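Working notes for the structure below.
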Amino acid sequence: MKLQQKITLVMKQLEFWFSTNDLTVNIDRTCAISFHPYKKYQPIKPLITLKNNIIVYKTELTFLGLRITETLTWQAQIQSLSTSLCKSYHMIKSLKKYHEY
C-alpha cells in the first residue's frame, strides 16, 4: 500500500529530525486522528510508528484548548464549553449571596 509506505518514510524522517535537533517526543501523549466525513463505514487507518512505538488513533482530542473530532463537528467543543459555563455560572450564583451592594 502506497499510503503505508509514505507514512513510514515520513515518520523515519521525523525521527531523524527530532534526533538531529535534540528534541524528545512524549510517546505516551502522542496520538493520531483520521479526519473523515460521518459515514457508516470506518476509514482506513494505516499503522503509524515512532521509535518502534505504535501511535494510537483517537476519535477526539484536545489541541490548544479546542476539542477536535475525526468528523470535524463542533458538538464536542460546544459540550465542553457548555459544561464549563454551567460550572462558572453556578459558582458565581453561589458567591452572589456573599456580595453586599
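Among the residues of the range 1-44, how many are of a type in the set (Lys, Arg), surrounded by 10 or more Cβ atoms within 10 Å (Cβ to Cβ) and assigned to a loop (DSSP other than H, G, I, E, B)? The total comes to 0.
Residues in the range 59-101 that are exposed (fewer than 10 other Cβ atoms within 10 Å of the Cβ), part of a helix (DSSP H, G or I) and of a type outside the set (S, T, N, Q): Lys93, Leu95, Lys96. When Val56 is tested against (1) out of contact with any Cys (no Cβ under 8 Å at 6 or more places or on another chain); (2) closer than 29 Å to Lys2 by Cα, just one condition goes unmet, and that condition is (1). Give the range 47-90 a look and list any residue that's touching a strand residue (DSSP E or B) at 6+ places or on another chain (Cβ under 8 Å) and within 13 Å of Thr30 (Cβ to Cβ), or say none. Hits for the range 47-90 are Ile48, Ile55, Val56, Tyr57, Lys58, Leu61.
Here, each number is a calculation from the coordinates, and none is a lab measurement. Keep in mind the model is a prediction, meaning the values are calculated, not measured. Please note: Cβ atoms are built from the backbone with ideal geometry, for glycine as well, and neighbour counts cover all protein chains shown.
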